[in-house]
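Single-structure report; data block below.
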Amino acid sequence: QVQVAESGGGLVQPGGSLRLSCAASGNIASLYAMGWYRQAPGSQREWVTTITKSGSTDYADFVKGRFTLSRDNAKNTVYLQMNSLKPEDTSVYYCLCRTTAADYWGQGTQVTVSS
């Protein structure tokens, strides 16, 4: 089992910034990728970004140039820096930890972008 702990959500004005954190613990020997998805009310969960253990990153087009995902392997933690936030970024953000055996999800953290 892998435990996933997210933090950092909140309310921010359009154009502002937030940083989300996600820490993995437990049986992480086979952990090879971490990432973020998001889900807005009435919408399906959508992929946002992924980082591999080697540090390779990939981003959905709608966040490229605005969001940056980084990783601290020593702490088994990833950080999602979100800049130039837009109202349409309002969602619950979920951290995903992917191992060779299974995917593990966090409980979600709310991000609200509003004036």
Tally up the residues in the stretch 10-25 that are under 25 Å from ASP103 (Cα atoms) and crowded, with 18+ Cβ neighbours inside 10 Å, please. 4
Of the numbered conditions (1) surrounded by 16 or more Cβ atoms within 10 Å (Cβ to Cβ); (2) part of a loop (DSSP other than H, G, I, E, B); (3) of a type outside the set (Gly, Ala, Ser), GLN107 satisfies every one except a single condition; which is it? (1)
Does SER84 fit the bill of being part of a strand (DSSP E or B) and either among the hydroxyl-bearing types (Ser, Thr, Tyr) or at pLDDT below 95 (or both)? no
Sole exception among (1) surrounded by 14 or more Cβ atoms within 10 Å (Cβ to Cβ); (2) within 15 Å of ASP103 (Cα to Cα); (3) not hydrophobic (A, V, I, L, M, F, W, C) for GLN1, by number: (1)
Give the residue that is farthest from TYR37 (Cα to Cα), with candidates limited to residues of the stretch 72-92 that are charged (D, E, K, R) and open to solvent by 50 Å² or more (accessible area, probe 1.4 Å). LYS75
Residues THR52, THR68: which one is open to solvent by 70 Å² or more (accessible area, probe 1.4 Å), touching a strand residue (DSSP E or B) at 6+ places or on another chain (Cβ under 8 Å) and without any contact (Cβ under 8 Å) to a residue 40 or more places away in the chain? THR68
Does the stretch 26-38 hold any residues that are open to solvent by 60 Å² or more (accessible area, probe 1.4 Å) and touching a strand residue (DSSP E or B) at 6+ places or on another chain (Cβ under 7 Å), and which are they? ASN27, TYR32
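The values are calculated or read from the model by the stated rules, or taken from the named source; none is laboratory data. As the structure is a computational prediction, the values presented were derived from the model and not from experiment. Every residue, glycine among them, receives a Cβ derived from its backbone with ideal geometry; neighbour counts consider all protein chains shown. When the accessible area is computed, the model is the full protein with side chains, heavy atoms only, and any ligands, DNA or RNA have been set aside. Shrake-Rupley method; radii C 1.70, N 1.55, O 1.52, S 1.80 Å.
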